[in-house]
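Here is the structure we will look at.
Read-outs: derived from the displayed coordinates by stated rules, not from any lab. Small disclaimer: the values here were computed from a predicted structure and weren't measured. When we count neighbours, we look across all protein chains shown, and the Cβ atoms used for this are built from the backbone with ideal geometry, even at glycine.
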Amino acid sequence: IDYRHGISILELIVYIPTLFTALWMAFRHGFTRSSGWIFFVIFSLARIIGSCCYLATINDPTSVDLYVAWAVCTSIGVSPLTWACIGLLSRVNDSIQRKSGHALHPLLFKVTGLITIVGMILGIVGQTKSTSPTAGLYNSKTKAGLVLYLIAWVGLCILLLLTSLRYQWIEEGEHRLLLAVGISIPLLFVRILYSLLSAFAQKPEFSSLSGNVTIQLCMSVLEEIVIVFVCLGIGLTLSVR
């Protein structure tokens, strides 16, 4: 077991209980996309499956399928986290609509989410259609997917700004969701930046498959963990709407 396997073990320790917490949140607040909690369930499942696949390479280090499965689960992580933040802001927007009727048009949230989904699809295709997991990191479809993730991140920032400008019309208790998304956005950018450096700069230390594991831990793994903890932690304090 090496350093990278240790990260997979860490992710299992974190995301198995997180999965059950997210499921409880989804049951409590609803499974609709606008609630956002279902995407933490999807993200936790992706991380659990990916970690299990990578740990399985200890006994089968030559299995390309295991590495591809791990790479796919790793690449789709940004999408559910972005969608989760969109969902939380959508909940705030619903709150504004109930209190004042001056909410943002729901189409803004749907378009940002659609960009994220297309980015995820391109990432999956880029990984699965490549001759090797390493080639999948530099595939043109993978790169296009990452660019769409960045565009969706910019859209998320705009949604946060526009929602914050309606702060006085947000129902009591819902304001803290702005804090959750506000904390998550810079962390999400660092996570996307790590993937962009891996795909476009092609510096070996940023490769998620064979690069510097400490960089991966500090620019990818920890950011994801903090985002999930912050959003679910604040979510536990919310009332059912």
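Summary of values
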read-out	value
Furthest towards positive pole of dipole, Leu12, Phe200, Leu150, structure part the chain, Cβ charges	Leu150
Helical segments meeting 27 Å axial Cα length and Kyte-Doolittle -1.0 threshold in the chain (DSSP H)	3-29, 37-56, 78-99, 106-128, 140-164, 176-196
For the chain, the longest site-free run once chymotrypsin sites (Phe, Trp or Tyr not before Pro) in DSSP loop states with at most 15 other Cβ atoms within 10 Å are removed	32-137
Cα-Cα P(r), the chain, percent of pairs per 5 Å interval	1, 7, 14, 18, 19, 16, 11, 7, 4, 2, 1, 0
In the range 108-185, the GluC sites (Glu not before Pro) that fall in loop regions by DSSP, at most 10 other Cβ within 10 Å	Glu172
Estimated [θ] at 222 nm from DSSP helical runs (n ≥ 4, -39500 (n - 2.57)) normalised by residues in the chain, nearest 500	-24000 deg cm²/dmol
Square roots of 5 times each gyration tensor eigenvalue, C-alpha, the range 50-98, largest first, Å	38, 8, 5
Count of lysine pairs in the chain with Cα separation under 21 Å (8 or more residues apart, or interchain)	4
Rounded Å value of the spacing that divides the Cα centres of the range 137-151 and the range 54-114	15 Å
Nearest-20 debye value, the chain charge dipole, Cβ charges on Lys, Arg, Asp, Glu	600 debye
